[in-house]
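To start, the structure under review is shown below, and the notes come after it.
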Amino acid sequence: MNNAVLFIDDEVNILNSIKRVFADHDFILHTASSARKGLEILSRNEIAVVITDNKMPGMNGLDLLRLAKVITPDTIRIMLTGHASLDTAIDAINSGEVFRFVVKPWNDKALEETLEDALQRYHIVKQLQYCDESVMLSIAQTIELKDSYTRGHCDRVANYAIMISRALGLPEETVQEIKHGSWLHDCGKIGIPGTILNSSDKLDASQYEIVKKHCLWGAEVARQARLPSRIINIILYHHEKFMGGGYPAGLSGSEIPLEARIVAVADAYDALTSNRPYHKAIDHEKAQKILAESQGTHLDPDLVALFCQLLSSMEDRLSTLLTRNTLSRKLLTTGRS
């Protein structure tokens with residue numbers, strides 16, 4: 001897997017500092033002292049991540065990254081600058097040119113973590129472009145390693161979403177895409193620092209805004225990998241609310257794609273019945289009650305009703321099976337006596 005990284009800065013001392021910081025890291029490090037030299041390296045080599053200064057003679061970093069997006073669209077782009085302005089940051093991020101915006105003087109550990117996240121994002125995009133089901137599930141499980149509280153979450157959500165989808169009579173191709181979207185629905189969390197994901201304290205407003213970005217980041221990864229639209233919809237819209245007011249787009253009702261509404265129900269149920277930093281797991285009966293209370297506000301009321309019926313049916317079948325097994329053991333014991 002490609003691990004080439006390119007740093008571009010017109011100050012030689014900055015490039016030397018970068019070389020010292022990353023001297024022991026397991027990737028190929030390219031450096032360039034101008035935008036022109038950087039573009040030459042990009043055009044001749046497969047680069048996983050490019051990190052550039054913004055204020056440089058001849059061509060600024062944002063214009064360079066716009067060109068880099070055309071030359072190597074899969075390369076992850078990061079801006080490193082000592083001349084940060086809010087307008088520049090907003091323009092860079094909103095235009096989709098930049099994955100992260102790092103301000104000089106940087107913190108070495110934070111820069112290393114940012115680069116690791118960028119490399120992992122690049123690898124995910126490249127794997128998804130040519131992957132099969134086993135690779136998709138493996139990617140989901142790798143992302144879950146970053147969040148110790150969600151181990152197995154994606155697979156459980158997929159199982160619940162498949163139950164709902166099949167009960168609705170959806171075509172098998174659609175069911176499979178919903179399964180894959182369920183596995184990947186949180187893939188954007190690769191961009192969220194682990195300190196936020198695993199925090200047991202209530203997130204402040206700025207931290208919550210970072211968490212909310214995972215839908216956009218994940219959808220961008222899926223688009224780069226040219227995944228089907230249903231998968232992208234699930235990643236992008238699974239935190240929309242049926243009554244409106246969710247994120248990232250504030251959609252409501254049928255504006256939210258059906259596949260995203262299905263996964264939202266499955267996601268909510270598994271979140272309630274699993275341990276999280278902010279709450280302990282609750283039992284299935286209480287979880288269903290909370291789901292019922294969210295009908296028409298957070299979640300699609302018809303899908304919640306259907307899901308609860310499916311769960312009740314499963315519980316009835318399990319209860320019957322346990323009763324039969326108990327009776328069988330009693331009969332066998334009586335027969336031996």
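The values are calculated or read from the model by the stated rules, or taken from the named source; none is laboratory data. Given the structure is predicted, the values throughout are model-derived calculations rather than measurements. Cβ sites come from the backbone with ideal geometry, for glycine too, and all protein chains shown count toward neighbours. Only protein heavy atoms, including side chains, enter the accessible area calculation; ligands, DNA and RNA are left aside. Shrake-Rupley method; radii C 1.70, N 1.55, O 1.52, S 1.80 Å.
With a 1.4 Å probe and all protein chains left in place, how much of the accessible area of the stretch 133-230 comes from carbon and sulfur atoms, in whole percent? Don't skip to the answer; put the middle values down first.
On the way: 2360 of 4390 Å².
The computed percentage sits at 54.
Each label point is 7 Å from the Cα along the Cα-to-Cβ direction; what then is the distance between the points at Met243 and Lys289, in nm?
So the label points at Met243 and Lys289 sit 2.0 nm apart.
Kindly work out what percent of the DSSP beta bridges joining two residues of the chain are antiparallel, to the nearest 5.
Around 5 percent of the beta bridges assigned by DSSP in the chain are antiparallel ones.
Taking 0.36 nm per residue of sequence separation and subtracting the Cα-Cα distance, how much length would be gained by fully extending the chain between Asn13 and Ser199, in nm to one decimal?
Difference between extended and current length: 63.3 nm.
Could you let me know the centre-to-centre spacing of the stretch 176-228 and the stretch 25-60, using Cα atoms, in angstrom?
28 Å
Which value, in Å², gives the accessible area per residue of the chain when a 1.4 Å probe is used on the protein heavy atoms?
I get 50 Å² per residue for this part.
How far apart, in nm, are the 7 Å Cα→Cβ label points at Ser206 and Asn159?
Spacing of the two 7 Å Cα→Cβ label points: 4.1 nm.
Of the accessible area of the stretch 1-76, with the probe set at 1.4 angstrom, what percent is carbon plus sulfur?
C and S fraction of accessible area: 50 percent.
Length gain on complete extension for the stretch Glu173 to Phe27, per 0.36 nm per residue less the alpha carbon to alpha carbon distance?
Values: separation 146, 0.36 × 146 = 52.56 nm, distance 3.91 nm.
Roughly 48.6 nm would be gained on extension.
Would you mind getting me the FRET efficiency between Arg166 and Thr273? Use the beta-carbon distance for r and R0 = 35 Å, nearest 0.05.
0.95
Setting aside same-chain residues fewer than 8 positions from Lys37, which lysines have a Cα under 28 Å from its Cα?
Lys19, Lys55, Lys69, Lys104, Lys109, Lys126
Based solely on C-alpha atoms, express the radius of gyration and the Dmax of the chain in angstrom.
My reading of the Cα-based Rg and Dmax gives 23.9, 95 Å.
Rank Met243, Met59 by accessible area, highest first, at a 1.4 Å probe radius?
Values: Met243 135, Met59 55 Å².
My answer, sorted largest first, is Met243, Met59.
Which order, highest average first, do 119-126, 300-307 follow once you tally other Cβ atoms within 10 Å for each residue and take the mean per peptide?
Most protected by this proxy first, the peptides run 119-126, 300-307.
Given N residues in the stretch 102-245, what is Rg(Cα) / (2.2 N^0.38 Å)?
Details: Rg = 15.9 Å, N = 144, 2.2 N^0.38 = 14.5 Å.
Here the answer is 1.10, to two decimals.
Can you put Ser206, Ser313, Ser294 in order of accessible area, largest first, using a 1.4 Å probe?
Order by accessible area, largest first: Ser206, Ser313, Ser294.
Pairs Lys213/Lys241; Lys202/Lys280; Lys202/Lys241: which exceed 18 Å Cα-Cα?
Lys202/Lys241, as the Cα separations exceed 18 Å there.
For a protection proxy built on the mean count of beta-carbon atoms within 10 angstrom, sort 18-28, 245-255 highest first, please.
The most tightly packed comes first, giving 245-255, 18-28.
Return the calculated 222 nm mean residue ellipticity for the chain, to the nearest 500 deg cm²/dmol, obtained by summing -39500 (n - 2.57) across DSSP H runs with n ≥ 4 and dividing by the residue count. Display every interim value, and only then the final one.
On the way: 15 runs with 195 residues, N = 337.
Roughly -18500 deg cm²/dmol at 222 nm, from the helical runs in the chain.
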